[in-house]
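Down below is the structure, laid out as structure tokens.
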Amino acid sequence: MKRVAVLLATYNGEAWLERQLSSILAQVDVDLDIYISDDLSIDGTANVINAYKSYPNVVLLPNSGQFGSASANFFRLLRDANFSQVDYVALCDQDDIWYKDKLNHAVTLINQQHIDAYSSNVVAFWPNGREKLINKAQYQQQYDYMFESAGPGCTFVLTKKLALEIQSFLITNQVQCKSVALHDWFIYAYARSNGYKWFIDPTPHMLYRQHAENVVGANVGLKAKLARWKKLRDGWLVEQALLIASILGYSNSLPMQKLMRYNFVDRLWLILNVTKLRRRLRDRVALVLFLLLPLKR
């Protein structure tokens, strides 16, 4: 069976962590190594993790200070976990629930389609029992990786070759990567900008928990959409796009040059080429509306 390293970032996840760990350990037709990095939780997260100390395939990485963000915690996992004996690397949030075939399904598709990385749709669920399919599986576009992720990072499964390359890059460029706020977008951009093949699966294989502490969440409802629009309007997403481009070395690409200059002609080019920049129609509409306005700096 194929062996998968599961990278689990935790912070104050006591309420959900045991259910998530149970769903990981219940995965079928794969062998697992689970690496956990806790960001100095102040609830009972440590107690939940300690209950799994007897499992030989569960490894708690030693404390190395406060990370302060999920992105920094995942970058630490990618830098410090041992990938030498595994075939694939998967990212994992602390609060979801995986279907028992999640990893085996991803590994099977990676092999069948000869791809380097996998992500998928998810089923968002709320405490009141509501569920909703979150569709991220629109066709990939020429420049979409410069403007968005491939979906929730908790669905990512990478080949060992890609994971080792990202690991080496993060070790070498640790200081530069500290300001990256969205690790999933960064990983997708790294893979695509370096010619790796990525597949976004329309079939969900996990429940994506929604609660008040979600870092990003499913972007469902008016409140969530307004929060995303504010980040776009305030220039935060533009700053992240330019930062990731600078770190990964594609700042001279045509879209990034247009975004940096941001004059009328550049904005018009971006608007006319918006289908190359985002996958989903509503995201294209939001980007066009943003580009019609002066950039806040």
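The values are calculated or read from the model by the stated rules, or taken from the named source; none is laboratory data. Computed from a predicted model, the values in this text were never measured in an experiment. When we count neighbours, we look across all protein chains shown, and the Cβ atoms used for this are built from the backbone with ideal geometry, even at glycine. To get the accessible areas, we keep the full protein, side chains included, count just its heavy atoms, and leave off ligands, DNA and RNA. Shrake-Rupley method; radii C 1.70, N 1.55, O 1.52, S 1.80 Å.
Specify the angular offset, from 0 to 90 degrees and rounded to the nearest 10, of the alpha carbon long axis of helix 281-291 from the longest principal axis of the alpha carbons in the chain. Result, in degrees: 50.
Under the criterion of Cα pairs below 8 Å and six or more residues apart, the relative contact order for the range 1-110 equals 45 percent.
Rounded to 0.05, the FRET efficiency of the Met1 and Lys197 pair, given R0 = 25 Å and the Cβ-Cβ distance, is 0.60. Annotation for Ile42 and Leu293: the two label points, set 7 Å from Cα along the Cα-Cβ direction, are 3.4 nm apart. Scan (1) 43, 19, 16; (2) 35, 21, 17; (3) 32, 20, 19 for the value of semi-axes √(5λ) of the Cα gyration tensor in Å calculated from this model and give just the label. After the calculation, the listed value that fits is (3).
FRET efficiency for the pair Asn273 and Lys161, taken as 1/(1 + (r/R0)^6) with r the Cβ-Cβ distance and R0 = 35 Å, rounds to 0.65. Measuring only protein heavy atoms, the 1.4 Å probe finds Glu165 accessible over about 60 Å².
Pairs of C-alpha atoms in the range 5-127 farther apart than 26 Å represent 18 percent of all such pairs. Taking the Cα atoms only, what angle lies between the long axis of helix 222-233 and the longest principal axis of the chain, rounded to 10 degrees? The helix 222-233 is inclined about 60 degrees to the chain.
Projecting the Cα atoms of Ala124, Thr155, Tyr143 onto the charge dipole of the chain (Cβ charges, centred on the Cα centre) puts Tyr143 farthest toward the positive pole.
With contacts taken as Cα pairs under 8 Å at a separation of at least 6 residues, the chain carries a relative contact order of 20 percent. If R0 equals 22 Å, the separation of the Cβ atoms of Arg261 and Val285 corresponds to a calculated FRET efficiency of about 0.40. Over the residues of the chain, the helix contribution to mean residue ellipticity at 222 nm works out to -12000 deg cm²/dmol, using -39500 (n - 2.57) for each DSSP H run of at least 4. Modelled spin labels at Gln140 and Lys53, positioned 7 Å past Cα toward Cβ, are 4.3 nm from each other. Expressed as a fraction of 2.2 N^0.38 Å, the value expected for a compact globular protein of N residues, the C-alpha radius of gyration of the range 1-46 is 1.25. Assuming charge only on the beta carbon of Lys and Arg (+1) and of Asp and Glu (-1), the dipole of the range 1-146 about its Cα centre is about 160 debye to the nearest 20. If eta is 1.306 mPa s and T is 10 °C, what Stokes-Einstein diffusion coefficient results for the range 111-176, Kirkwood Rh from Cα pairs, in µm²/s? For these conditions, the coefficient is 110 µm²/s. To the nearest ten degrees, helix 70-80 and the longest principal axis of the Cα atoms of the chain are 60 degrees apart.
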